Amino acid sequence: MNDELVTPPTQDSAEPGPGAMLARARAQRKMGVAEVAERLKYAQRQIEALEADDFGSLPGLTIIRGMIRGYAKLLDVDPAPILGALDRRNIPSQATVDLRTQRIPFPEGNGRATWVYGALSIVVLVAVVAVLYEWQFVEPAPAPAQAPASPPAPAPAPAAVIPPQPAAAAPQEPAPAEQPAPAQASAPAETQEGQKRVRLEFQNESWVEIKDRQGNTLMSQLNPAGSQKTVEGAPPLSVVIGNASNVRVTYDGAVFDLKPYTKVDVARFTLE
């Protein structure tokens, strides 16, 4: 079927067309064609063709019915009477298909060509039959028998075992006297000479970095809440503490106040 619309010449022109019905409803609402086209997202010439019942300028019956529904919804009117007027006014044209069998002409060849084609067909058929017979009934040549494997060589006879002669008893050397065990090194002092001890107690998670006077990093890590750390090093000690309000510092046995050295909850100071 084709969606092309054909207007019958015998149609009663007394009944207004669907486009005229839409145009009258638009005029009652005091709307312009340009406003309708903008709100429906169509070209102005398409709205004008629809109102003029010029369906040949529009892209098929399905699109026209969709335009009418959208136009009626915009004007807040019932689309059923307008679609009924469209169905009565416009009848889709019928597509015809000729299904009658037509004779396909073939050139008439002479008898010589027909004989050549027949001979070639017979040759091909004989070749196919020969290949099938060879593949189906002719047995393949047997494979040459393999020579039997040579028997394994006999194992060598075991060598005679000569009993060992008793060796002369070696003079026993006196056992070395036990050496006295070295005295254990005395336990190191609490802090080595010239070093100071820093003790940190973390009430909440905090990152700490401590360096000694040589610039060696003694501690650089994130410490979990509730943990404690003790660091020893040669002063002056450079210290950086994050989340300083939740850290308690004891230096050389005395509590160290972090508040004067804390900015934005990060303390930076040097322990002499």
For Glu35 and Tyr117, compute 0.36 nm times the residue count separating them, minus their Cα-Cα distance, and round to one decimal in nm. 22.0 nm
So, in nm, how far is label Glu209 from label Leu58 when the simple model puts each one 7 Å beyond its Cα toward the Cβ? 7.6
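How much accessible area per residue does region 12-86 have, in Å², with a 1.4 Å probe?
Values: 3990 Å² over 75 residues.
Heavy-atom accessible area per residue stands at 53 Å².
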Determine which lysines satisfy two conditions relative to Lys196: a Cα distance under 28 Å, and not lying fewer than 8 residues away in the same chain. Lys211, Lys229, Lys259, Lys263
Among the lysines, which have Cα under 30 Å from the Cα of Lys41 when same-chain residues fewer than 8 positions away are ignored? Lys30, Lys73
Could you check the spin-label model distance between Thr270 and Val240? Points 7 Å from the Cα along Cα→Cβ, value in nm. 1.6
For Ser206, distant residues with modelled amide H under 5 Å away: Asn223
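The values are calculated or read from the model by the stated rules, or taken from the named source; none is laboratory data. This is a predicted model, so every value here is computed, not measured. Here Cβ is always computed from backbone atoms with ideal geometry, including for glycine, and neighbour counts include all displayed protein chains. Just so you know, the surface numbers come from the protein's heavy atoms only, side chains and all, with ligands and any DNA or RNA stripped out. Shrake-Rupley method; radii C 1.70, N 1.55, O 1.52, S 1.80 Å.
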